[in-house]
Structure formats: structure tokens, C-alpha cells
Amino acid sequence: MAVKDKGTEQLIKDTAKRIFFSEGKLHATTQDIADAAGVNRTLLNYYFRSRDILFEQVATEARQEMSAVLDPVFQAELEFKDKLEKLITVFMDQAIKFPFREMYVVTELNRTSRVIPEEKKTIVKGFLREISAEMEKGKIRKMDPRQFCINLFALMAYPLITTCLNKSLYNVNDAEYSKLMKDRKKLIFEMIYQ
């Protein structure tokens with residue numbers, strides 16, 4: 001039996017991740033991925049047997065990567081203001097790199113009714129307590145802490161999910177839009193802490 005080349009396997013996964021989560025082509029075929037990776041479809045099928053297997057493996061890794069960068073921020077022993085600034089930066093950097101990953105995660109949750117793991121819920125509960133404490137101190141506007149989180153993530157994710165629409169609507173090129181999104185990190189933070 002032939003030994004699988006981990007470099008080729010990783011190339012295929014990286015290419016699929018770029019196509020799915022950077023370019024937003026969630027329905028790309030194995031042929032699309034093979035062509036973009038510079039391999040033949042037979043080789044792609046040798047490593048992953050089907051598009052669904054490849055997609056699930058890439059999606060699982062994407063969720064793990066997202067957790068690996070966000071969980072430490074949520075759990076960091078920082079003043080809330082510093083934690084929030086870091087969260088905005090980390091989330092926006094990830095969303096700029098993979099703007100369609102969030103859309104995929106939401107779509108998959110709707111499609112599969114996948115249950116959020118308890119450890120994630122515990123992390124969120126801790127963050128909500130921190131938000132409440134900051135509100136009690138009068139540092140941020142009082143509201144349901146869940147509304148605060150929904151607002152925060154909407155401010156960060158929506159402009160990246162709607163990149164094509166926004167670039168067309170406001171007649172901006174890729175470089176200009178990239179600058180708008182980088183500036184947005186500071187703008188979001190300053191909207192919360194005026």
C-alpha cells in the first residue's frame with residue numbers, strides 16, 4: 001500500500017480552506033479544488049475519498065483554529081477594556097483572512113443542529129459576567145450582556161461577510177476595502193469606549 005504524502009494532503013486542505021473560507025465558494029467541486037491545488041482529481045480522491053470528507057475535515061480544522069485563537073483571548077486575565085481590544089483585533093484579523101468561515105459555521109449549525117460544547121458555553125458565560133461587571137462600573141452602556149455580544153460580533157463579522165456587496169455599493173477596490181476593515185478595528189473599539 002502506498003504511503004500518503006503529508007505535504008500533498010496539506011496542500012489540498014489549505015487550498016480547500018482558501019476556496020471555501022477565503023473565497024466563499026462553499027459549493028466548490030473536487031475538480032475545482034484539485035485544479036486550484038495543481039493536482040489531479042484522482043489524487044485528491046486518494047487522500048479524501050469525497051468532497052464531503054474533505055469539506056468536513058477542513059471545516060473541523062477551521063473551527064479548531066478559530067477556537068485556538070479566540071479561546072485564549074476570552075480566558076485571558078486582562079482588564080476588560082484590554083481584553084475587548086484584543087478580541088476585536090484577533091477576531092477581525094481572522095475574519096479578514098477567512099471572511100466566509102463564520103457563514104459556514106452558522107450554516108452548519110442550522111443544517112446539522114450541532115450542539116455547542118459545554119466548555120464553549122462556559123467560556124461565553126464567563127465573558128458575559130465580565131461584560132455585566134463592566135456595565136455595573138458604568139464603563140460601557142447597560143444592556144443585556146447577550147445583546148452586547150450580538151452587537152459586537154455583528155459589527156465585526158457582517159462587513160466581512162458582505163465584502164462583495166460593500167465593494168460594489170461603495171465603489172472601492174480590494175486595497176481600499178482592506179484598509180476600511182483594518183480601520184474598523186479601532187472604530188468598533190472607540191464606539192464602545194468613547
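The values are calculated or read from the model by the stated rules, or taken from the named source; none is laboratory data. Here the structure is a predicted model, which means the values were calculated and not measured. No Cβ is skipped: glycine too gets one built from the backbone with ideal geometry, and neighbour counts run over all protein chains shown. SASA here: full protein model, heavy atoms, side chains in, ligands and nucleic acids out. Shrake-Rupley method; radii C 1.70, N 1.55, O 1.52, S 1.80 Å.
In percent, what relative contact order does segment 48-131 have, based on Cα pairs under 8 Å that are 6 or more apart in sequence?
On the way: 25 pairs, mean separation 25.5, N = 84.
Relative contact order, segment 48-131: 30 percent.
Leaving ligands, DNA and RNA out of it, report the carbon-plus-sulfur percent of the accessible area of the chain at a 1.4 Å probe.
55
Write down the accessible area per residue of segment 1-89 in Å², having rolled a 1.4 Å probe over the full set of protein chains.
For segment 1-89, the per-residue accessible area is 55 Å².
Ranking request for peptides 11-18, 161-168, 33-40: highest mean number of other beta-carbon atoms within 10 Å first, then the rest in descending order.
11-18, 33-40, 161-168
Take the cross-link list K13/K121; K81/K142; K139/K186; K13/K97 and give me the ones stretching past 20 Å between alpha-carbons.
Distance filter (> 20 Å) returns K13/K121.
Which aspartates and glutamates, on any chain, are close to K182 with Cα under 14 Å apart, when same-chain ones fewer than 8 places away are left out?
E85, D93, D174, E190
Where the only charges are on Cβ atoms (+1 Lys, Arg; -1 Asp, Glu), what is the dipole of the chain about its Cα centre, to the nearest 20 debye?
That gives the chain a dipole magnitude of about 280 debye.
Let me spell out the model: positive unit charges on the Cβ of Lys and Arg, negative unit charges on the Cβ of Asp and Glu, origin at the Cα centre of segment 10-55. What dipole size does that give, in debye rounded to 20?
Approximately 100 debye in magnitude.
Between S22, S50, S132, where does the largest GNM mean-square fluctuation fall for the chain, given springs only between Cα atoms within less than 10 Å?
For the chain, modelled as a Gaussian network with Cα springs under 10 Å, the answer is S50.
Please determine, in degrees from 0 to 90 and to the nearest 10, the orientation of helix 118-136 with respect to the longest principal axis defined by the Cα atoms of the chain, where the helix direction is its Cα long axis.
30
Rg (Å, one decimal) plus Dmax (Å, integer) for the alpha carbons of the chain?
19.3, 66
Calculate how steeply helix 80-97 sits against the longest principal axis of the alpha-carbon atoms of the chain, using the helix alpha-carbon long axis, and give the answer as 0 to 90 degrees to the nearest 10.
Roughly 30 degrees between the two axes.
What shape does segment 61-134 have by the C-alpha gyration tensor, where a ≥ b ≥ c are the square roots of the eigenvalues, rounded means a/c under 1.5, and otherwise prolate means a/b greater than b/c and oblate the rest?
It is oblate, given that a/c is not under 1.5 and a/b is not larger than b/c.
Note down the relative contact order for the chain as a percent, whole number, built from C-alpha pairs under 8 angstrom at least six residues apart.
21
Please work out the average accessible area per residue across segment 108-175, using the 1.4 Å probe convention, and give it in Å².
It amounts to 69 Å² per residue over segment 108-175.
With a ≥ b ≥ c the root eigenvalues of the C-alpha gyration tensor of segment 1-90, is it rounded (a/c under 1.5), prolate (a/b larger than b/c) or oblate?
Verdict is prolate for segment 1-90.
Select from C149, F127, Y170 the residue farthest towards the positive end of the dipole of segment 120-180; place +1 on Cβ of Lys and Arg, -1 on Cβ of Asp and Glu, and compute about the Cα centre.
Going by the Cα projections, it comes out as F127.
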